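Working notes for the structure below.
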Ligand code: 5GP
């Protein structure tokens, strides 16, 4: 056995240090980025904040709002082809959409999510992104699965994960992924760290994995653990090319979840609740690594997005980054012990 004693940090353990800046207004900051992907060879411009493929987040209603901000939504893998057809006729901009599949096809050739993905990509060639979603990207057959998808769809941009270490980022990129999702255990409704005792603190994981991805011409998406706009800025500062959000976007009108007593349900995709709704896992394993919660109804997601973008822009002006692309270059972090003044928190209205 081995113990790595190097300190690993979460977003809440660091702050961005302000720097002299010539930027006079948040409006001067360009928060779009243009990427050219290593394997698909596609060039893509967006605001690189992404709605997660979770129930209550990866919905077409969410996509309809996020697309106006040039942000991407990963539609859940349980969305049927009929739902896709209906939504595409109702103002969805396919440029800002990713289709999603799990890896159930490894065990069951007729699995629905993979077949739906094939139909979506055939019927709507303007969908350019495929997200291959598994909780644990370290299985050997996951790498083969990514290779298989790359062979079948040579010009689609593949988002694959989740992993938290440099060598696995490199492996996935070499195997055909364009963007590797980083995060094991940081999610707002995730219980992997308590159930399995596995994970790496998210800020350090993002920094190390970004470095590895840059080394082989790939990209990363920091997935999970952002609870405030400042966390998103820290993820970009730590080198994330994209940031994926679940909990921060849940509980809104666009979640397509009923309001009961002023609250909306939200749950992890590996929770018992998700299994109750979508059925058993096909690989025969039973694991409950997610929780179910009820969130106060948060209304329109537009308000939350404005807060997020305001925070990220403000962060850029503090550190003197004129473009989001410059953020890692401009970012100096301080390690902190306690970062938030909570004195009046209990009087929140
Ligand atoms: P959040 O932004 O809510 O902190 O994290 C969202 C991410 O948590 C998702 O994109 C996904 O990677 C992860 N996630 C979603 N559901 C579950 C779950 O049930 N268990 C675990 N371990 N992670 C989950």
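The values are calculated or read from the model by the stated rules, or taken from the named source; none is laboratory data. On a predicted model such as this, the values are computed, not experimentally measured, just so you know. Please note: Cβ atoms are built from the backbone with ideal geometry, for glycine as well, and neighbour counts cover all protein chains shown.
Assorted remarks:
- Filter result for residue 197 (more than 8 Å from the ligand (Cβ to nearest atom), in contact with a strand residue (DSSP E or B) (Cβ under 9 Å, 6 or more places away or on another chain) and on the phi > 0 side of the Ramachandran plot): no
- If you go through the stretch 1-48 and keep only what is under 22 Å from the mean Cα position of the chain (by Cα) and without any contact (Cβ under 8 Å) to a residue 60 or more places away in the chain, you end up with 34, 36, 43, 45, 46.
- For the stretch 66-92, the tally of residues that are farther than 30 Å from residue 175 by Cα and over 17 Å from the mean Cα position of the chain (by Cα) stands at 11.
- Top-ranked residue of the stretch 174-185 - restricted to ones that are within 8 Å of the ligand (Cβ to nearest atom) and touching a strand residue (DSSP E or B) at 6+ places or on another chain (Cβ under 8 Å), ranked as nearest to residue 157 (Cα to Cα): 181
- Counting residues in the stretch 18-38 that are modelled with pLDDT of 95 or more, under 25 Å from residue 171 (Cα atoms) and surrounded by fewer than 17 Cβ atoms within 10 Å (Cβ to Cβ) gives one or more.
- Filtering 222, 250 for residues that are in a strand (DSSP E or B), within 12 Å of the ligand (Cβ to nearest atom) and under 20 Å from residue 186 (Cα atoms) leaves a single hit, 222.
- Among all positions in the stretch 76-95, there is no residue which is assigned to a strand (DSSP E or B), touching a helix residue (DSSP H, G or I) at 6+ places or on another chain (Cβ under 9 Å) and in contact (Cβ under 8 Å) with a residue 24 or more places away in the chain.
- The stretch 225-245 - residue that is in a loop (DSSP other than H, G, I, E, B) and more than 10 Å from the ligand (Cβ to nearest atom) and, of those, nearest to residue 183 (Cα to Cα): 240
- Taken over the stretch 261-304, the criterion of being at pLDDT below 90 and within 11 Å of the ligand (Cβ to nearest atom) is satisfied by 287, 288, 289.
Every residue, every condition in (1) exposed (fewer than 13 other Cβ atoms within 10 Å of the Cβ); (2) more than 29 Å from residue 192 (Cβ to Cβ), yes or no:
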| position | (1), (2) |
| --- | --- |
| 241 | no, no |
| 250 | no, no |
| 253 | no, yes |
| 261 | yes, yes |
| 314 | no, yes |
| 338 | yes, no |
| 344 | yes, yes |
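For (1) farther than 15 Å from residue 48 by Cβ; (2) without any contact (Cβ under 8 Å) to a residue 60 or more places away in the chain, each residue gets a yes or a no:
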site: 211; (1), (2): yes, yes
site: 216; (1), (2): yes, no
site: 225; (1), (2): yes, no
site: 232; (1), (2): no, no
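- Meets criteria (in a helix (DSSP H, G or I), farther than 23 Å from residue 133 by Cβ and free of Cβ contacts under 8 Å to residues at least 60 places away in the same chain) for residue 325: no
- Screening the stretch 328-341 for residues that are in a loop (DSSP other than H, G, I, E, B) and farther than 12 Å from residue 12 by Cβ and picking the one that is nearest to the chain's Cα centre (by Cα) gives 331.
- A count restricted to the stretch 308-322 and to residues that are in a helix (DSSP H, G or I) and over 22 Å from the mean Cα position of the chain (by Cα) stands at 3.
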